[in-house]
Amino acid sequence: MGPSVDTKNRRLSHDLPTPDSESPLRSRKPYKLSTLCATVENPDQKDQYGSSSVPIYQTATFKGVGGEYDYTRSGNPTRSHLEHHIAKISSASHAFAVSSGMAALDVILRMLKPGDEVIAGDDLYGGTNRLLAYVRNHGGVTVHHVDTTDPTSIIPCINPTKTAMVLLESPTNPLLKIADLALISKEVKERAPAAVVVVDNTMMSPYLQRPLEHGADIVYDSATKYLSGHHDLMAGVITCNRDELAKQIAFTINAAGNALTPFDSFLLLRGVKTLAVRLDRQQATSSLVATYLHSLGFKVNYPGLPDHPSREVHQRISDGNGAVLSFETGSKEISEKIVGGTRLWGISVSFGCVNSLISMPCVMSHASIDPATRAARGLPEDLIRLCVGIEDSADLLDDLEQALIDAGAITYNSQLNRYVRVQPDEILLEKAVEKLAIGSIKTRQEWFVSAPGKVILFGEHAVVHGVTAIAASVDLRCYGLLTPREDGKMSVHFNDISNFYKEWDIDTLPWKNVAPLSKDKNHPPELDQPLIERLLEGPLKHLESTRESTSSLVLIYLYMKLSKPGYRPGFNFTARATLPVGAGLGSSASFSTCAATALLLLQARINVPDLPPPSSDGHIHISHEGRRAIPPKTAEEINRWAFIAEKILQGNPSGVDNSVSVFGGALAYVKEGFGKKSGIEAIQGFKSLRFLLTNSKIPRSTKQLVAGVGQKKINEPELVQSLLNAIQVISDEARRVLADPELSRETLLTALAALIRENHSHLVSLGVSHPALEAIREKTASPPYNLSTKLTGAGGGGCAVTLVPDDFTTDVMQDLLAELSANNFDPYLTAVGGSGLGILSPHDKHRVKRAERAVPGQVTPPKSPREQSVEVYDDTLRPSFETMTISELSEWAQELGRWLYV
Ligand code: PLP
């Protein structure tokens, strides 16, 4: 009813009273719903002329003061009639008509306030999800999506004080999943008495289901569908029995101004009169169509079929099976042909019309949901949805059969003397190949991988403003060891970050939320946010948002995305690094590269090449000590996944760090914008150079430093532009000399030293140096060292890089290292421009039994309680890898056997 009407004075439902019996011997039965639908009568609003049809009060205002109506936004007689009628057929004492189904939900969701929690189904109408996401992102409301076909799945999410709303749909569209509205309402009320149970009843309409009778507090329908029945208007209706809720709803509708117009109220009222007769016919035909498709052998979703998993629940809470069904053909192409081949069944979104409709949800109504989420919800790409109308059932069946035949989905079997389903060959084939692939992964093995960090040699900061940056790999590496587990668990161990260890049962991961990507598919550019949220709310819930938990997220996310259906091998992944973490040396990218490589190997998505046979001298020859043993295609695949991992860790990475980590060497990078396209280009012929990396151990905020330079550019545009131009010249020159094969080593080093000094002085002018970095620079520049140093990366702390000439003697270097350490800096003598990603060849018999590997005189450490509880392979590298000191790590790894590099 319109808001200007006192809600307390409303009559209760069913005020079309069954006339009293005139004789106790001839009792009168209560009117049936179809009678109620067809009879529009409101004893409180008799028409002055006795019109049979409610007139349209097409007016915005009403004259006079203190009358029942004053302004149509607040109340209108045509709408009042409609609302009264809707309340009557919905077992409700209050009803409201608004401009669409989504407007109805919007009104309801406005009851929420920041801090509230909502529990909602995981198979809701797409528009509902969209609005819920808005409320979550802008209204400070938490939304838990659960599988409402299992009433117990709701219970863990119920918070007695915070759960404010539970939002249900039954049956769902287009999968026809059933939620036990009665049981869920009861469970919610017992645990969170203040929570409001809301049901979207669009798929059923009040004729077939009245959730208020089962304990729901608020019910809404997209009246665009069955209530109207003719696809000639948009409307939404809200019903409830609780006065205080009705007051809030009335307030919002009046305040927001989305009440239904008088003309649409009239049309909707007309539609509702035939609701029962339409649905009776539509349901009867639906049942025929569902049975027909089922008998052909298609997988059909319809609650009226004997094999529907929740048939009994649906029968208990509803009066019919509705007129929407869906079925799978096994092939997207065949489905497209069927949908395109029907004549009577119109291709259209929506449902509830007198005309029959056919659609492919994944291509049409649900196309706005990304494919990963669709797959996660179990929405098959080949699914066809049928919305049955009131046409002659024989015509509809005939039209459908013709389309099935034309599409090759069914064929005539003369022996059986009937049409039978054709199993799509490609599906069978694909399944067979999949099985073969899984079957062939017999022996699972341990994978040991490593990847370098990076330094920016030239162009940091300026790169943000369009200048070319030169980055190179640094021979301080992250190492990742993936060891199989046979106990159905995955675990991670980050020794060097607070010795973090955590394990998960693989089967309890939220597999329903993941759409695995087949081998030929790339990960889309955007991360699967719903999966990430699910993981953060589920398996990673109790971990603080730290580097450890985000690194775990990388492992779980990539593992789930890369998994083949039915193949979920258990494993442990231990990562360690000789790289300082968080010093701007690309430690996260090298971790990402290791994780991506190990998981791609685990899932046999990439193969490592066989080692060439030993030559006659007994040695194995691989070009450039293993360089280029991993083919570019494999490296590119790894790089794509490493970038996804970086996205999880960094948010918005440039792609430089992971590219350097995978490909090694050096590359030139330009950021998109400033009239340039983003680009990463390898510097061919880059010669490995010795560098001293000195970590000042001064923490800094890259964001603040970048913002500082941005501000300087605004304040002193000319100065900053001239510095940027100068840095571009340096980058260009560096790129030229690094790649010039004619240049002598000496000339190269002299040129680089000068460029380093020059670039550093520009960075000082940009205001991003730090006294600690200047101290390192002065120390290295002073006699007898006379070396050139610049800050690298964001500056303001972090690391400095010092070029070390080939003839720099070990003794002098020892002195320098000692002096730097004495000043509380961490110096690392390293090479720049070396190998990228490496994989320890599994073909080389490097594996030694655990006992054999024990260092003489040293006792093999006893198994830890964790090791005792899991299967530890005898030939695993894990115990040594996890107990090795960082300083021994790289040499130990090198000696294990042959490494293959990109
Ligand atoms: N709820 C369900 C189940 C729907 O199918 C739809 C529309 O398709 C809506 C709500 C939204 O209704 P409307 O399009 O009238 O806003």
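Quick notes on this structure:
- ³J(HN,Hα), Karplus 6.51/-1.76/1.60, whole Hz, each residue of segment 75-85, x for Gly, Pro: x, 8, x, 5, 5, 4, 4, 4, 5, 4, 5
- Sparsely packed loop sites in segment 643-702 (the trypsin sites (Lys or Arg not before Pro) outside DSSP H, G, I, E and B with at most 11 other Cβ atoms within 10 Å) comprise Lys677.
- For the chain, the alpha-carbon radius of gyration amounts to 1.20 times the rule-of-thumb value 2.2 N^0.38 Å expected for a compact globular protein.
- For segment 711-717, Karplus couplings with θ = phi - 60° (6.51, -1.76, 1.60), whole Hz, Gly/Pro x: 5, 4, 5, 6, 6, 10, x
- Take every Cα pair under 8 Å whose residues are at least 6 apart in sequence, average their separation, divide by the length of the chain, and the relative contact order is 10 percent.
- What the Kirkwood sum gives for segment 449-832 is a hydrodynamic radius of 22.2 Å, with every pair of different alpha carbons counted.
- Amide H partners (placed H, <5 Å) of Met111, local residues excluded: none
- Amide proton proximity set for Ala223, modelled H, under 5 Å, gap of 5+: Gly101, Ala235, Gly236, Val237
- Couplings 3J(HN,Hα) of segment 152-163, computed from phi: 6, 5, 6, 4, x, 8, 6, 10, x, 9, 8, 5 Hz, in residue order, whole Hz [Karplus 6.51 cos²θ - 1.76 cosθ + 1.60, θ = phi - 60°; x for Gly and Pro].
- Sequence-separation-based contact order of segment 444-526, relative, with Cα cut under 8 Å and 6+ spacing, percent: 23
- Relative to the longest principal axis of the Cα atoms of the chain, the long axis of helix 547-562 makes an angle of roughly 70 degrees.
- Gyration tensor (alpha-carbon) shape descriptor, segment 350-413, a/c threshold 1.5: oblate
- Dividing the summed helix terms, -39500 (n - 2.57) for each DSSP H run of n ≥ 4, by the number of residues in the chain produces a 222 nm estimate of -11500 deg cm²/dmol to the nearest 500.
- Distant-in-sequence amide H partners of Gln209 (H built 1.01 Å from N, under 5 Å): Asp319
- Across segment 277-425, C-alpha contacts under 8 Å between residues 6 or more apart give a mean separation that, scaled by the residue count, equals a relative contact order of 27 percent.
- Looking at segment 646-741, the chymotrypsin sites (Phe, Trp or Tyr not before Pro) that sit in a DSSP loop and have at most 14 other Cβ atoms within 10 Å of their own Cβ are Phe674.
Values quoted throughout were computed directly from the atomic coordinates according to the rules given, and no laboratory measurement underlies them. Since the structure is predicted, the reported quantities are computational estimates derived from the model, not experimental observations. Heads up, the Cβs are rebuilt from the backbone with ideal geometry, glycines too, and the neighbour counts pull from every protein chain shown.
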